[in-house]
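First comes the structure, then the notes that go with it.
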Amino acid sequence: MIQETYSAAANPEISETSELHVLFAGESQTVNNHRLGPKVYDYYLLHYVEEGQGSFQTEYAQYDLQAGDCFLILPEQLVSYASDPENPWRYRWIAFAGVQANLLIERAGFTPRTAVCSPGTGSGIPSLLEQVLQTFRSKKSNSDLASLGCLYLVMAEAEQSLVQAGALPAGESGVQRIVKQMIQYMASQYAHPMSIEQMCSSLGYNRAYLSRIFKKETGFTPVTYLLKLRIDKSRQLLRERPELSIEQISSSVGLADALYFSRQFRRFHGQSPSEYRRDAAHGNR
């Protein structure tokens, strides 16, 4: 028979002026049919299910959850949650509050109607929550900062999970922000021999997903956008740096093959780089 266990620790260093702070963290192995609620909380409370199963009900939906799932309780929302009668869950949790807390959960993609994400059983979230718990138990003076760092990492992983599940809205807090990150990445790395695979790996998202949302938002595939960016940068160098050879300009925009560069330049602009430079020198560009 499963024995119930419960352990929690409060933040020993909460600042009254802090715009975001972690209140406490904990862990529990529940027994069959263990239930909390219906009740209302006045803080945010995120759970990660480590083992077992259970259900979570909000004012908007009911969820059947298992190991690897997270569920978020929002302030002033009537909620209840219960462990499975046959396979009761073990979970960890973190509670937080402050005027910036709502902005944090919105950025991650949580809403009253999207209160669950599924990072999976290989997630780093449980170790982060354990770290917060141990930090609070240590009662160190840096507990508040350490717990905030862990909270941000937890929300970053939750956001990635929601994005990959297609749960984020197509607004600045979701898809458009990811596309902006892709554009900023390419704008900063175009001069290097980067690849789209490297960008996707750096941003932490699946290539197929990123390609799909990028094409939808910009009208270009990431490959075409990066190539167009490089060609546009080369035009500026052709106009402003006449002492540079075509090979040097090609290399300066991240294209090691000058013949490929010249071919793509003609594809976009209907003339070779040398012809473009000549026309630019005569004031035709």
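The values are calculated or read from the model by the stated rules, or taken from the named source; none is laboratory data. Because the structure is predicted, anything quoted here is derived from the model rather than measured. With ideal geometry, Cβ positions are generated from the backbone for all residues, glycine too; neighbour counts draw on all protein chains shown. Protein only, heavy atoms only, side chains kept; ligands, DNA and RNA dropped before computing areas. Shrake-Rupley method; radii C 1.70, N 1.55, O 1.52, S 1.80 Å.
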Sequence-distant lysines (8 or more away, or on other chains) whose Cα lies within less than 29 Å of Lys216: Lys180, Lys228, Lys233
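What's the magnitude of the charge dipole for the chain around its Cα centre, counting Lys and Arg as +1 and Asp and Glu as -1 at the beta-carbon? Answer in Debye, nearest 20.
1700 debye
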With all protein chains in place and a 1.4 Å probe, Glu19 shows an accessible area in Å² (nearest 10) of 100 Å²
Heavy atoms of Lys233: accessible area, 1.4 Å probe, square angstrom to 10: 70 Å²
Compactness check, the chain: C-alpha Rg relative to the 2.2 N^0.38 Å globular estimate gives 1.36
Return one whole number: the accessible area per residue of the chain in Å², for a 1.4 Å probe. 50 Å²
Just Leu244, Leu210, Leu128 to compare: in a GNM of the chain, with alpha carbon springs under 10 Å, which one fluctuates most? Leu244
GNM top mover of Asn11, Asn32, Asn142 - the chain, alpha-carbon springs below 10 Å: Asn142
Please name which of Thr224, Ala97, Ser15 has its Cα lying farthest along the dipole of the chain towards the positive end, using unit charges on Cβ (Lys, Arg +1; Asp, Glu -1) and the Cα centre as origin. Thr224
How big, on average over all directions, is the shadow cast by the Cα convex hull of region 128-285, in nm²? 13.0 nm²
Between Leu23 and residues 5 or more places away or on another chain, which pairs have amide H atoms under 5 Å apart, with H built 1.01 Å from N, and which residues are they? Ala95, Phe96, Ala97
Each residue of region 187-200 in order: what ³J(HN,Hα) in whole Hz does its phi give by Karplus 6.51 cos²θ - 1.76 cosθ + 1.60, θ = phi - 60°, with x for Gly and Pro? 5, 8, 10, 4, 6, 9, x, 6, 10, 5, 4, 5, 4, 4
Coarse-grained scattering of region 126-165 at q = 0.19, 0.32 Å⁻¹, given as base-10 log I(q)/I(0) from a Debye sum over alpha-carbon atoms: -0.54, -1.01
Taking only C-alpha positions in region 1-125, Rg and Dmax in angstrom work out to 14.4, 46
Area accessible to solvent at Glu197, 1.4 Å probe radius, in Å²: 100 Å²
